[in-house]
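Engineer: Got a structure here, written out as structure tokens. Questions coming.
Computed from the coordinates by the stated procedures, all read-outs in this text should not be read as laboratory data. Treat the numbers as computed from the prediction; the structure is a model and nothing was measured. Cβ: placed from backbone, ideal geometry, glycine included. Neighbour counts: every protein chain shown.
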Amino acid sequence: MRDHLKFILNGEVRRVDKVDPTATLLNYLRDSQGLTGTKEGCAEGDCGACTVTLTQHAPDGGVEHKAVNACICLLPMLDGKSVTTVEALQGKAGQPHNVQKAMVDQHASQCGFCTPGIVMSLHAAGLNADRLDGETAPDILAGNLCRCTGYGPILKAAEALGSKGEAAPVRSDLSALESLVGEDMTSGETKGRRFFIPTRLDQLDTLCADHPEATMVAGATDVGLWVTKAHRQLETVIYLNQISELKTIRTGDDTLWIGAGVTYEEALPALSKHWPDLGELVRRLGSKQVRNTGTIGGNIANGSPIGDMPPALIALEASLHLRGDRGRRTLKLEDYFIDYGKQDRTPGEYVEGVEIPLPDKVDRLRCYKLSKRFDVDITAVLGCFDIAVREGQITSARIAYGGMAGIPKRASHVENALAGQPWTEATIRAAMHEYKHDFSPLSDMRASEEYRAKAAQNLLLKYFLEMQGDRSQTRLVGLGSNLS
Amino acid sequence: MTGVGPISGDATPSRISGGVRRSVSHDSALKHTQGSALYVDDIPTPLNCLNVHIALSDRAHARILSVDLEAVRGAPGVVCVLTASDIPGSNDVAPVFGDDPMFVVGAREALVQCAGQSLFAVAAETLEQARHAATLVEIEYADLPALLDIEAAMQAKAFFEEPYQFVRGASESAISDAKHQLSGRIEMGGQEHFYLEGHAALSIPAEDGDIVLHCSSQHPSEIQHKVAGMLDVPNNAINVQVRRMGGGFGGKETQGSLPAAVAALATRLTGRPAKVRYDRDDDMRVTGKRHDFRIDYTVGFDDQGRIDGIEMDQAARCGMSHDLSLAICDRAMFHADNCYYLPAVTITSYRCRTNTVSNTAFRGFGGPQGMVGIERVIDEIAHHLGKDPLDVRRANFYASSGTASDRNVTPYHMTVEDCVIDDLVDDLVASSDYHTRRDEIRTWNENSPVLKRGIALTPVKFGISFTVTHLNQAGALVHVYSDGSIHLNHGGTEMGQGLFLKVAQVVAEEFQVDLDRIKITATDTAKVPNTSPTAASSGTDLNAMAARNAAKTIKGRMIQFLAEHWSVVPSSIVFDAGQISSGAHAMSFDDLAHSAYMERVSLSSTGYYATPKISWDRKAGRGRPFYYFAYGAAVCEVAIDTLTGENRILRADLLQDVGQSINPAIDLGQIEGAFVQGAGWLTTEELVFDAAGILKTHAPSTYKIPTISDRAPDMRIHLWDRGKNREDVIYKSKAVGEPPFMLGISALMALSDAIAQARPDNAYPDLGSPATPERVLMAVEREGQK
């Protein structure tokens, strides 16, 4: 067991002892390393000013580079990995990196405060040889807010880079990462607070049995905010991100398995392949930075009523696999959510993965996420629909919503009103009256009760209309939209 | 039309690198990208620096009955607790009216007037310790009834001053005599600045109890004066320095005084350096925002939509104190006409006092709200008459400069001498293909049941000058060192707008040296005193003139010296591209600097500038508050989803008159950024307060500024190539900071157009702002009432 963290910072190996279990990477960089190029804009992973590049082992055995938000990246998550900050981009003689040069040439900075984060998002994209153009750059940069430029010059800089973003020497490589690999578990304790970084499920089982009160952290895109926003002190933290067994994506004969530790970004290709709309939903769920760290399992386990994965997965009839010291059990995902803040998970139990039935022939899933801003916004209403029709009759209807109740919830009355009925607008309009029996939504800063109720019904109509024709008739953005 | 690149003008095309009319990159651009540009929180702090956290109220209106700070004082790491009773001077951080207490706790009248108000502060070894300690306070409150919104304040007649009016002509009879009448109301929300860098202040103790403050502020002089008043020391004991801000937008005009004063007081009490840095949530809770407005209108007009008479009541939520609200509400009135001649007009302004955070300056300073009001009126007139709103707009434009018409007097009796809106709109209509696209959109909508598109062209006329006349002055300080390198300083501050660069370009042009010979330096109250805020789009107009005057003084002395040295007449001496010559005589600028120094010629000078021609009689509502107007126009095309209210901008064509640009790339950047910010104000950016007056949207997770994917896929942005400032403004340029913000109004009007086409009846959409999916859906589905 290793009692300290070991990672690479800007090409140099760092050993950090006596780590606070929830110390953030941003504070470490700014306060103890004097690396003030990485900025704090919001401390909640929503503005991207703190973006850095994380380099780690890829599932295929190579290395991968991820833009991540340093503000909600907790230091123990870096164990065995490599971090590059904006200060390390320029050449030894001070010559600007291609990304930096492109940004200057295109007048892409004004006040400059968001700029290091944008540079790092482009840097990470370059290292991964991601295509950078007018189509891809808005998604790669949606997590980097800029209040001055209006984004045009930044987009031009990205386009000018094309795929030439990577030019400076990559200071870390596989052998550097391998030099960090040591024991099979790292842990630390300071002032009675401790953390564990297991690498195997059997270790996790034991830890869960010994520390049922522990907070489990995968990507920290939620728990990070407990620390930076709620200023909570977590006593015992178990980090899940080194357990490769939780990171499997497996396509079986009838189902797709997604391990709880799979990040949104890792799951995106498989989800998009089977359910294009689910792919688009995942894309809109968070910025690239958030998708690079946040996990499907975390989005389910935390039980949020506005997590975007559960309604879609409930509509797809997914099942949830829980594991703990007393063994494994499987339940329907919708049954996991009991009430606001209450899930069917006992202390010491954790989510192992989610299993989703594959579509038989046609993908009928449609997901409609309503929010004030299209990208990187929390859902006001999310409606997910999977309605099967045979010979003009509705044979089954699975409809689940987020943002409409204290938990992700099926619209059972609506489903019942549809089942067995003819697939006509009259049926749909009749079923729209049933929503009031399923939901009594609340008003909050995202939307009023009236809007939620009205929009939720309209989404059923939207689904109906959309299944009659082309998505281009019904979509403003994303998949199928041709309004540009 | 002009894109990025050098343009010709009345300056001699120079061979120096980085003179005027060049698209030079921002002076800090490379540093921005390298993370080496320092903001206040990046400045290395001395080892014993304290971190100070300000405790904020969570009550909107309450009397404090008792406070127990013992647990706070005893918490780990706490060095001292700061309350009003520790303040040697004045417990006030207000810019003008003395009504913003620095702390409520310990004040003579311990009255909480809004949620988010500063109660007291804790100085500790670490910020976490200070923040934690502050939560240990025990306060007993007696809640008082709170006025939270415009309606409540209007009912209670809670105003900061008597309703203020502009009156010209007899509006009431003009309206009733007109062929058509309409009346209505529009409500528009406020706006959070969301500068990426939150407020921060670092206080460093100096000798004699003096203090040096590093701040993120548009108004270092005001901070200097407020901190001195708070500490009861003369202004000369406080030195404020601002190298740059990570964005300002007006949010750092007055709001920097609180963190600076708190840091300075901690230094005074402990003798230690001290830092205040708001995290995002505190920043959004404690600082003022753009005023939300409600505008009621009654208008009379003819068959062409030409306005005969109009009355507008503007009500603004000012918050718990004056801040700059009176001037902001004035500017809303000054722009209630926008580009339109109003033959008989009454504008009445209500400055509502509420138990919410004191609203403050924000790009446009009330102008945008005033302008939305009249654009709304025009939109509704056009809808009523079944006309293209553009035709109604044009029917009401002020007479063009140089025409004989008398339709050129504003509601405040200023003659508009420089109106170019007709010509500018002509050019934009042509370049944007407005008419064809408007027809196409209507055809497209007929075949699109769910999605609807809309288009609108809106113009902008924005008055340039501080309407508080004495602020229209600036100072600069220029040194030429004996090696020919130049040090430049002036009263303006850099918040990303490129002011430092533009002023340096002007000085380079004047001395005819390359731009890199000029060292741009931090704004510093010890170098240039009594400065005005960098605000009102005036930064370049004022400071570049002052700096040029300083350079001219030095240049004059150099010429005098050379005339004697070479025995030539002064007028024969030419500065050109680093060389100074007269006939056969020639010398490099660097040699000249050295020679002049050896001959004991002063190579340092201040420069000063005060805007001419302006005057304003506020009591009479009459005068010439503006030196000139900046014009622009935008065509915006949008699409909405009629089932969900979701909406987006598809294309924007922007045309802005910046006169003859000093730096086209910088100006284009201002235009694009301002448009996006203006459109954000009117679409996605929504401030939500709960029933107790607590702000619920205080971070980017809940307050949504536009992100890169909201940018219209087709943006065509141009400087107007016929633009020229008829007044004697620096290199015939025009101010650009605020005017293009109001180009964003085209987005709201385009949404209105789309909604009108989505409604089954012919009712006017009545769309307020921000036009969130919710407001758009409700406007689509609202029962027709008209």
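Engineer: Nearest 20 debye, what's the magnitude of the dipole of the stretch A:60-154 about its Cα centre given +1 on Lys and Arg Cβ and -1 on Asp and Glu Cβ? List each step's numbers first, then the result.
Structural biologist: Details: 6 positive and 9 negative charges, 62 e Å.
With Lys and Arg at +1 and Asp and Glu at -1, about 300 debye.
Engineer: For a quick check: with amide H placed at 1.01 Å from N, whose amide H comes under 5 Å from A:VAL237's, ignoring anything fewer than 5 positions away on the same chain?
Structural biologist: A:ARG194, A:PHE195, A:PHE196, A:THR215
Engineer: Further, regarding this structure: Under a Cβ-only charge scheme (Lys and Arg +1, Asp and Glu -1), can you give me the dipole magnitude of the protein assembly as shown about the Cα centre, in debye to the nearest 20?
Structural biologist: Dipole of the protein assembly as shown, to the nearest 20 debye: 1000 debye.
Engineer: Among A:MET432, A:SER448, A:ASN299, flag the residue with its Cα farthest along the positive direction of the charge dipole of the stretch A:248-473, charges on Cβ as +1 for Lys/Arg and -1 for Asp/Glu.
Structural biologist: A:SER448
Engineer: List the GluC sites (Glu not before Pro) within the stretch B:149-189 that fall in a DSSP loop (any state other than H, G, I, E or B) and whose Cβ has at most 15 other Cβ atoms within 10 Å.
Structural biologist: For GluC sites (Glu not before Pro) across the stretch B:149-189 that sit outside H, G, I, E and B with at most 15 neighbouring Cβ atoms in 10 Å, the list reads B:GLU161.
Engineer: Residues with amide H under 5 Å of B:GLN218's amide H, sequence separation 5 or more or different chain, H placed in the peptide plane at 1.01 Å from N; which?
Structural biologist: HN-HN under 5 Å from B:GLN218: B:LYS252, B:GLU253.
Engineer: A follow-up question, please. In whole angstrom, note down how far apart the Cα centers of the stretch B:431-445 and the stretch A:270-293 are.
Structural biologist: Using only Cα atoms, the two centres lie 35 Å from each other.
Engineer: Among B:ILE441, B:LEU515, B:ASN239, pick out the residue whose Cα is farthest towards the positive end of the charge dipole of chain B, where Lys and Arg carry +1 and Asp and Glu carry -1 on C-beta, about the Cα centre.
Structural biologist: The residue sitting most towards the positive pole is B:LEU515.
Engineer: Okay, next question. Spelling out what I want: for every residue of the stretch B:409-425, take phi, set θ = phi - 60°, compute 6.51 cos²θ - 1.76 cosθ + 1.60 (Karplus), and round to whole Hz; glycine and proline get x.
Structural biologist: Ordered by residue, 3J(HN,Hα) equals 10, 7, x, 10, 6, 9, 7, 7, 8, 10, 5, 10, 5, 4, 5, 5, 5 Hz.
Engineer: Sticking with this structure for a sec: Averaged across the residues of A:135-148, what count of C-beta atoms belonging to other chains lies within 10 Å of each residue's C-beta?
Structural biologist: Mean partner shielding for this stretch: 5.
Engineer: Within a 10 angstrom radius of each residue's Cβ in B:766-777, how many Cβ atoms of other chains show up on average? Whole number is fine.
Structural biologist: On the way: counts 0, 0, 0, 0, 1, 0, 7, 9, 11, 1, 0, 7.
Counting other chains' Cβ atoms within 10 Å and averaging over B:766-777 gives 3.
Engineer: Any chance you could list the semi-axes, whole Å, largest first, of the equivalent ellipsoid that the Cα gyration tensor gives for the stretch B:105-223, using √(5λ)?
Structural biologist: Gyration-tensor ellipsoid for the stretch B:105-223: 45, 23, 16 Å.
Engineer: To the nearest 500 deg cm²/dmol, what mean residue ellipticity at 222 nm is calculated for the protein assembly as shown from DSSP H runs of n ≥ 4 alone, each contributing -39,500 (n - 2.57), summed and divided by the residues? Working shown, then result.
Structural biologist: Working: 36 runs with 361 residues, N = 1270.
Value at 222 nm, helices only, nearest 500: -8500 deg cm²/dmol.
Engineer: Report the convex hull volume per residue for chain B, counting only C-alpha atoms, in Å³.
Structural biologist: Working: hull volume 126.5 nm³, N = 786.
Measuring per residue, one finds 161 Å³ for the Cα hull of chain B.
Engineer: Moving to a separate point now. Roughly how many whole Å is it from the C-alpha centroid of the stretch A:194-260 to that of the stretch B:699-738?
Structural biologist: Cα centroid to Cα centroid, the span is 47 Å.
Engineer: Over the residues of the stretch A:107-244, compute the C-alpha Rg and express it relative to 2.2 N^0.38 Å.
Structural biologist: 1.40
Engineer: Now, a different point. Report, largest value first, the span of the C-alpha coordinates of chain A along each principal axis, in whole Å.
Structural biologist: Cα extents, longest axis first: 71, 56, 42 Å.
Engineer: Next question. For peptide B:696-706, what's the mean number of Cβ atoms from other chains within 10 Å of each residue's Cβ?
Structural biologist: The mean count of partner-chain Cβ atoms within 10 Å per residue comes to 6.
Engineer: Let me ask something additional. How big is Rg to Rh over the protein assembly as shown, alpha-carbon atoms, Rh as the Kirkwood inverse-mean-distance radius?
Structural biologist: 0.97
Engineer: Could you tell me what a quarter of the Cα convex hull surface of the stretch A:248-374 works out to, in nm² with one decimal place? Present the calculation step by step, with values, prior to reporting the outcome.
Structural biologist: Numbers: hull surface 31.8 nm².
One quarter of the hull surface, i.e. the mean projection, equals 7.9 nm².
Engineer: A follow-up question, please. Efficiency by 1/(1 + (r/R0)^6): what FRET value for A:GLU235 and B:LEU65, r their Cβ-Cβ distance, R0 = 35 Å, to the nearest 0.05?
Structural biologist: About 0.45, to the nearest 0.05.
Engineer: Can I ask one more? Could you estimate the translational diffusion coefficient of the stretch A:17-77 from the Stokes-Einstein equation, with Rh from the Kirkwood formula over C-alpha pairs, at 4 °C and 1.567 mPa s, in whole µm²/s?
Structural biologist: Answer, rounded: 106 µm²/s.
Engineer: Measure out, as a whole number of angstrom, how far apart the alpha-carbon centroids of the stretch A:358-403 and the stretch B:25-52 sit.
Structural biologist: Comparing the Cα centres of the stretch A:358-403 and the stretch B:25-52, I get a distance of 47 Å.
Engineer: If I take R0 = 56 Å and measure r between the Cβ atoms of B:ARG600 and A:SER32 in this structure, what FRET efficiency does the formula 1/(1 + (r/R0)^6) give, to the nearest 0.05?
Structural biologist: Given R0 = 56 Å and the Cβ-Cβ separation, E is 0.60.
Engineer: According to the Cα gyration tensor, what semi-axes, each the square root of 5 times an eigenvalue, does the equivalent ellipsoid of the stretch A:1-197 have, listed from largest to smallest in whole Å? Walk me through the intermediate numbers first.
Structural biologist: Details: eigenvalues 178, 67, 39 Å².
Working from the Cα gyration tensor, I get semi-axes of 30, 18, 14 Å.
Engineer: Next question, about the same structure. For labels at B:SER85 and A:ASP60 in the simple 7 Å Cα→Cβ model, what's the distance in nm?
Structural biologist: 6.9
Engineer: With θ set to phi - 60° and the Karplus curve 6.51 cos²θ - 1.76 cosθ + 1.60, what are the ³J(HN,Hα) couplings of the stretch A:416-424 in order, to the nearest whole Hz, using x for Gly and Pro?
Structural biologist: Rounded to whole hertz, the list is 5, 5, 8, 4, x, 8, x, 7, 9.
Engineer: Here is a follow-up. Taking the Cα centre of the stretch B:223-292 as the origin, how large is its charge dipole in debye, to the nearest 20, when only Lys and Arg (+1) and Asp and Glu (-1) carry charge on their Cβ atoms?
Structural biologist: For the stretch B:223-292, the charge dipole is close to 240 debye.
Engineer: Between B:ASP591 and B:SER400, what is 0.36 nm times their sequence separation minus the Cα-Cα distance? Round to one decimal in nm.
Structural biologist: Taking B:ASP591 through B:SER400 to full extension adds about 63.6 nm, to one decimal.
Engineer: Where Rh denotes the Kirkwood radius from the mean inverse Cα pair distance, what is Rg over Rh for the stretch B:373-517?
Structural biologist: Rg/Rh: 1.16.
Engineer: For the stretch A:354-477, build the charge dipole from Cβ charges (+1 Lys, Arg; -1 Asp, Glu) around the Cα centre, then report which of A:ILE356, A:GLY469, A:ALA417 sits farthest towards its positive end.
Structural biologist: Farthest towards the positive pole: A:GLY469.
Engineer: Could you give the semi-axes, largest first, of the ellipsoid that matches the stretch A:248-473, computed as the square roots of 5 times the alpha carbon gyration tensor eigenvalues and rounded to whole Å?
Structural biologist: Semi-axes (√(5λ), whole Å): 27, 20, 18.
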